[in-house]
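This report refers to the structure that appears directly beneath it.
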There are 2 protein chains.
Amino acid sequence: MSNATRYLRIADDFPLKRGGSLPEVQLAFETWGARNEQDNNTILLFTGLSPSAHAASSTEDGAPGWWEWMIGPGRPIDTDIYHVICINSLGSCFGSTGPASIHPVSGRPYGPDFPELSIEDIARSAHQLVSLLGIEALHTVIGASLGGMTALAYSIEHADQVDRLVSICSAMRADPMAIAVRSLQREIIRSDPAWQDGHYYPQAGPVTGMRLARKLGLISYRSGQEWMQRFGRERLADVRHSRDMFDIEFQVESYLDSNARKFVARFDANSYLYLSRAMDWFDIADFGETDQAALARIRARRALVIGVESDSLFPIHQQRALADLLCELGRDVEFVAMPSIQGHDAFLVDRDRFSPVLRRFFADDILVTEQDRFEVRECATSG
Amino acid sequence: MSNATRYLRIADDFPLKRGGSLPEVQLAFETWGARNEQDNNTILLFTGLSPSAHAASSTEDGAPGWWEWMIGPGRPIDTDIYHVICINSLGSCFGSTGPASIHPVSGRPYGPDFPELSIEDIARSAHQLVSLLGIEALHTVIGASLGGMTALAYSIEHADQVDRLVSICSAMRADPMAIAVRSLQREIIRSDPAWQDGHYYPQAGPVTGMRLARKLGLISYRSGQEWMQRFGRERLADVRHSRDMFDIEFQVESYLDSNARKFVARFDANSYLYLSRAMDWFDIADFGETDQAALARIRARRALVIGVESDSLFPIHQQRALADLLCELGRDVEFVAMPSIQGHDAFLVDRDRFSPVLRRFFADDILVTEQDRFEVRECATSG
């Protein structure tokens, strides 16, 4: 964990949506910028499945964060203006309570006895953190991928607190292809004998399964077009065909392998399994009779919805559907269709496209009066 | 193997493109229809990675084949007119020599000592079979997926024998996304301890690895749109949430599992590994200085190239590129872009779209004079 990481014990006996409860919950988080006098400049950032709360560097921790180019002084999410909180999701393994945490009574890691986790639990735990920090209103709740689902849940269930919503490469519910990919990732991990039905602590656990699951993740996060440009059919320089015909030969195989090995070293397998399943279960229909009714609970005055044309895991029609529904409900919604070729991961890497869109959204800053706000976009969305 | 399966020992000491040789090669094949008097009505059909030679039923074997609706009396490939040969690819496990075959000297299965296999080897072994059958000219060489690559290799290397070429959901070379998917499938299989470095015979071998690899195959063969229509977020009727949160819950998970279990029961893991790697290596550039030069070797008078818009494994731009190049070379080429939602597998299941296109192509039958042939299509391709 980073030097910048702060920890708060946010609850004793935290009941979970799908049943069971956690005897205590701690969340790890980082903050950037300062709360202003009116205390209306806080942006709450939810992460995707695997990042920590270290979204950007700071004086306490100079290491670049996973959204380094997005957050900081003068950056699109300008920490000279905004106070940003990024939370390590409940269930993750970077300081927040998760399956690798020690159960306070048994003294052993929860492992597979961790109760079933839902996106709503992640959102509600974050709300308790925000409350403990004494923050009553959020300027924006923002998230991508799993974080976008969490931002949506937060904006519905704690509607009065959220003035703006930013949903990136996310969805109102997982579609069956995304469920299939994640289901296979989980089965790969669980099929590794080292998983030991989740009781692998203090060992590293299913390292092979995690490496393979991560490779499948990368395949689903990126696009064929990008890899054609980046790798083509390039071979490694030192391939010895005669040794092992199944060994790494193509650059794309090498890329997958080195990325996956880095990932395995830092992520807990059980956390992965729990957060992955939580994404399958998430369904906006759980918040209301219809999608419209669920979204009608959102009180955010403005929303920015971003999709990526080459995203195969959260296809852009899912973002468009969310934007259209919010628009029909009379919300001030901007929908942006990014022509990035980096697939689902574009929000992490396509700085040139994402920076100006987020900068513009947040440049409409908190000191600007209502009348000066961007004009309401039409329902016929851009891109 | 089917009652209709025939076997021919086509070679002693069959040298392979990438080095090494096989001391003997047997191929399994099936035929439908009869050779006509002029002996110019034979269609040679190559399969995808996993099917056997049993493409359709016959009097010897009434069981439906993998392309049952395409081949038979009165069907698009009309066996009242044509003589059809389908070959189980060299390296496969349905009667043709492959890694599970017994090495004639050692008396044990080849296993991982099987030499490196290439698409060109599959094509050349087929050519030897055709020659042994005394067939000098082929009306058409046709194949989809791996079979399309084989058909391409055959049409280049045995150009004088091929009058027409049909390439379906195939490519001039594998792109890095397809290589990544297959590389991961192979690693999943090889990571299963039961693979035993390929020395698992007479045991079934890496059953778990094969099941998981097949699931990844299915994910790459189909499309999210299709699964949204077929499965949506439907649950199994008998899910007991409280038992195992990672157990099969969604219909799409159940579909993957039942399909994968069937597959594992019938396919040899080493065959899978060898044929999979052969697809990665295939590159039209190996046949000439440039793609144009390679394709210029094809002497087929007509070509039909079919791609599927939702195919993520062999994206349609790959078929379009093949058709465009053949067109530039002055060949009579028809390109058809199928709007099927079944992805790469559309050729196996989208009967409504594929039947009329193939029927039309083959209805231009061998008795029609040159002048009556369909008019030459323009290079600006349809669809």
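Among the DSSP beta bridges whose two residues both lie in the protein assembly as shown, what percent are antiparallel, rounded to the nearest 5?
35 percent
At a Förster radius of 22 Å, what calculated FRET efficiency corresponds to the Cβ-Cβ distance of A:Glu68 and A:Ser131, to the nearest 0.05? Present the calculation step by step, with values, prior to reporting the outcome.
Values: r = 29 Å, r/R0 = 1.30.
The formula returns an efficiency of 0.15 here.
Under a point spin-label approximation (7 Å from Cα along Cα-to-Cβ), what is the B:Arg297-B:Asn40 distance to one decimal in nm?
2.6 nm
A:Lys215: which lysines have alpha carbons under 28 Å from its alpha carbon, excluding same-chain residues fewer than 8 sequence positions away?
Within the straight-line limit of under 28 Å, A:Lys215 reaches these lysines: A:Lys262, B:Lys215, B:Lys262.
Projected area of the stretch A:48-158, taken from the Cα convex hull and averaged over every viewing direction, in nm²?
Average of the hull's projected areas for the stretch A:48-158 equals 8.1 nm².
Enumerate the calculated ³J(HN,Hα) couplings along the stretch B:158-174 in order (Karplus 6.51 cos²θ - 1.76 cosθ + 1.60, θ = phi - 60°), each rounded to whole Hz, writing x wherever the residue is Gly or Pro.
Ordered by residue, 3J(HN,Hα) equals 10, 4, 5, 8, 10, 8, 9, 10, 10, 10, 10, 6, 10, 6, 6, 6, 6 Hz.
With just the Cα atoms defining each centre, how far is the stretch B:120-152 from the stretch A:279-354? Give it in Å.
The distance from the Cα centre of the stretch B:120-152 to that of the stretch A:279-354 comes to 49 Å.
For chain A, modelled as a GNM with alpha-carbon contacts under 10 angstrom, which of A:Arg222, A:Arg235, A:Arg299 fluctuates the most?
Of A:Arg222, A:Arg235, A:Arg299, the most mobile in the Gaussian network model is A:Arg235.
May I have the pair-distance distribution P(r) for the stretch B:179-276, computed from all Cα-Cα distances with 5 Å bins from 0 and rounded to whole percent?
Values per bin, smallest distances first: 2, 13, 21, 20, 17, 13, 9, 5, 1.
Using only alpha carbon positions, build the gyration tensor of the stretch A:18-111, then give the equivalent ellipsoid semi-axes as the square roots of 5 times its eigenvalues, largest first, whole angstrom. It would help to have the intermediate numbers written out before the result.
Working: eigenvalues 177, 42, 23 Å².
The equivalent ellipsoid of the stretch A:18-111 has semi-axes of 30, 15, 11 Å.
Please name whichever of A:Ser191, A:Gln203, A:Met228 sits farthest to the positive end of the charge dipole of the stretch A:179-276, dipole taken about the Cα centre and charges placed at Cβ: Lys and Arg +1, Asp and Glu -1.
A:Met228
Which value in Å does the Kirkwood hydrodynamic radius of the stretch A:266-324 take, with 1/r averaged over all unlike C-alpha pairs and then inverted? Please list the in-between numbers first.
On the way: mean 1/r = 0.0727 Å⁻¹.
It is 13.8 Å.
Binning at 10 angstrom from zero up to the longest distance, how are the C-alpha pair distances of the protein assembly as shown distributed in percent?
Calculated over all Cα pairs of the protein assembly as shown, the distribution is 3, 13, 22, 22, 17, 12, 8, 3, 0, 0 percent.
Given only helices, namely DSSP H runs of n ≥ 4 each adding -39500 (n - 2.57), what is the per-residue ellipticity at 222 nm of chain B, to the nearest 500 deg cm²/dmol? Please list the in-between numbers first.
Numbers: 11 runs with 127 residues, N = 383.
Computed ellipticity for chain B at 222 nm equals -10000 deg cm²/dmol.
Determine one quarter of the surface area of the Cα convex hull of the stretch B:294-340, which equals its mean projected area, and express it in nm² to one decimal.
Quarter of the Cα hull surface area: 3.2 nm².
How are the alpha carbon pair distances in the stretch A:1-73 distributed across 5 Å bins from zero to the largest one, expressed in percent?
With a bin width of 5 Å, the distribution comes to 3, 14, 19, 20, 19, 12, 9, 4, 0.
If you place +1 on the Cβ of every Lys and Arg and -1 on the Cβ of every Asp and Glu, how big does the dipole about the Cα centre of the stretch A:179-276 come out, in debye to the nearest 20?
Here the stretch A:179-276 has a charge dipole of around 220 debye.
Quick check: residue separation of B:Glu309 and B:Gln196 times 0.36 nm, minus the Cα distance between them. What number comes out in nm?
Taking 0.36 nm per residue and subtracting the Cα distance, the gain is 36.7 nm.
Cα-based Rg of the stretch B:140-187 per 2.2 N^0.38 Å, rounded to two decimals?
With N residues counted in the stretch B:140-187, Rg over 2.2 N^0.38 Å equals 1.32.
Once the stretch A:8-49 is represented by equal point scatterers at the alpha-carbon sites, with solvent omitted, what log10 I(q)/I(0) does the Debye formula produce at q = 0.22 Å⁻¹?
Ignoring solvent entirely, the Cα scatterers give -0.89.
Using the alpha carbon gyration tensor of chain A, what are the three equivalent-ellipsoid semi-axes (square root of 5 times each eigenvalue), largest first, in whole Å? Write down the numbers at each step before the final one.
Details: eigenvalues 209, 137, 82 Å².
After scaling each eigenvalue by five and taking roots: 32, 26, 20 Å.
Quick one: length gained pulling B:Arg230 to B:Ser106 fully straight, 0.36 nm per residue minus the C-alpha distance?
Details: separation 124, 0.36 × 124 = 44.64 nm, distance 4.96 nm.
This chain segment gains 39.7 nm when fully extended.
Out of every Cα-Cα pair in the stretch A:218-320, what percent are more than 21 Å apart?
Details: 3162 of 5253 pairs.
Summing the P(r) of the stretch A:218-320 above 21 Å gives 60 percent of all pairs.
Using the count of nearby Cβ atoms within 10 Å as a rough guide to exposure, how do B:Glu136, A:Glu226 rank from fewest to most?
So the ranking, lowest neighbour count to highest, is B:Glu136, A:Glu226.
What fraction of the DSSP beta bridges in chain B is antiparallel, stated in percent and rounded to the nearest 5?
Here the antiparallel bridges make up roughly 35 percent for chain B.
Values in this text are rule-based calculations from the coordinates and carry no lab data. All figures in this text were calculated on a predicted structure; none of them were measured in a lab. Positions of Cβ are generated from backbone atoms using ideal geometry, with glycine treated the same way; all protein chains shown enter the neighbour counts.
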